[in-house]
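The values are calculated or read from the model by the stated rules, or taken from the named source; none is laboratory data. Everything quoted here is computed from the prediction, not taken from an experiment. Ideal geometry is used to build each Cβ from the backbone, glycine not excepted, and the neighbour counts take in all protein chains shown.
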Amino acid sequence: MRPVVGFAIATGFVLLVSQSGAAAGADQGAQLAATCASCHRLDGGGTGIPSIIGLGEERLNSALLAYRAIERPNHIMHAIALSLSDEEIASVARYVAAQGK
């Protein structure tokens, strides 16, 4: 079971990196959030991984920056946040926060 989880995480990370360069403007947040949805279901449902729907833009932005700076320990989220620019973090936080309204 662990190899499957590792493969899913690696696939999501590769998709995140490849999409982040091609994304632009308002679509950028949606494209980046598609990767988030591979673990954090954007419909609010979940299977043990916390939902990110309903969290405010500032809280999401701060959390991603904290994961990137290793202020919040999580190897997977650190790797994902490390691959994002400040602009991409703001974009995905804005998009995901808007989904909870």
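Of note:
- Any pair with Cβ under 7 angstrom, 6 or more apart, that starts in the stretch 75-91 at a residue that is within 18 Å of R59 (Cβ to Cβ) and ends at one that is of a type outside the set (A, V, I, L, M) and at pLDDT below 95: I80/F13; L84/S20; E88/S20; E88/Q28; S91/Q28; S91/G29
- Contact annotation: residue pairs with Cβ atoms under 7 Å, 6 or more positions apart or on different chains, pairing a residue in the stretch 23-52 that is under 13 Å from E88 (Cα atoms) and of a type outside the set (A, V, I, L, M) with a partner that is modelled with pLDDT under 85 and not in a helix (DSSP H, G or I), are Q31/A23.
- Within the stretch 66-100, restricting attention to residues that are within 17 Å of A37 (Cα to Cα) and part of a loop (DSSP other than H, G, I, E, B), the residue that is modelled with the lowest pLDDT is G100.
- If the condition is being basic (K, R) and in a loop (DSSP other than H, G, I, E, B), then the stretch 32-65 contributes only R41.
- Positions within the stretch 50-65 being buried (at least 16 other Cβ atoms within 10 Å of the Cβ), closer than 17 Å to C39 by Cα and not small (G, A, S), in sequence order: I52, I53, L55, L60, L64
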